[in-house]
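Below you'll find the structure, written out as structure tokens, and then a few comments.
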Amino acid sequence: MRHLILSVLLMLLAAAPLRAEENAARNVISDQIAAFQADELGRAFGFASPFIQDKFQTPETFGRMVREGYPMVWRPSEVTFLEAREIGGKLWQEVFLRDAQGRGWIAEYELVDVDGALRINGVRIRKAPEQAV
């Protein structure tokens, strides 16, 4: 019995860092979406990793790319956080998004640590199954 309790306790302790990172990831993603919805491109750009910032150079260029290429991220009508997992030392957070036309999407956000803060390093989008969320 003692070993079972110890095992459960160790599993909970091991999961604690992922839960803290998952909360931080949700905050970063939520804050970036809120910035897009408020047309605060500089603030939205600040949540992107240095790789993404170097690639797009300015908040305006970044905002145009998101608006034109990822309208479900630009103006979602629904946002629901799904599973988070660590792969290759990077945190991936899945998010269900519903666009203005009512279509469902799954966004897989890749997050990286930059000086102790999570930043969005990319997003992969796929159509959500009909029965999703």
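Just so it is clear, none of the values below were taken in a lab; they were calculated from the coordinates. These numbers come from a predicted model, not from an experiment. As a convention, Cβ positions derive from the backbone with ideal geometry for all residues, glycine included, and neighbour counts pool all protein chains shown.
The table for this structure:
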| quantity | calculated |
| --- | --- |
| Virtual spin-label span in nm between residue 130 and residue 82, 7 Å along Cα→Cβ | 1.7 nm |
| Dipole magnitude of the range 2-127 about its Cα centre (Cβ charges: Lys, Arg +1; Asp, Glu -1), debye to nearest 20 | 340 debye |
| Label-point separation, residue 58 to residue 115 (7 Å along Cα→Cβ), nm | 2.4 nm |
| Two-site FRET efficiency, residue 108 against residue 39, from Cβ-Cβ distance with R₀ of 30 Å, rounded to 0.05 | 0.75 |
| Additional length obtainable on full extension of the chain from residue 68 to residue 101, 0.36 nm per residue less Cα span | 10.4 nm |
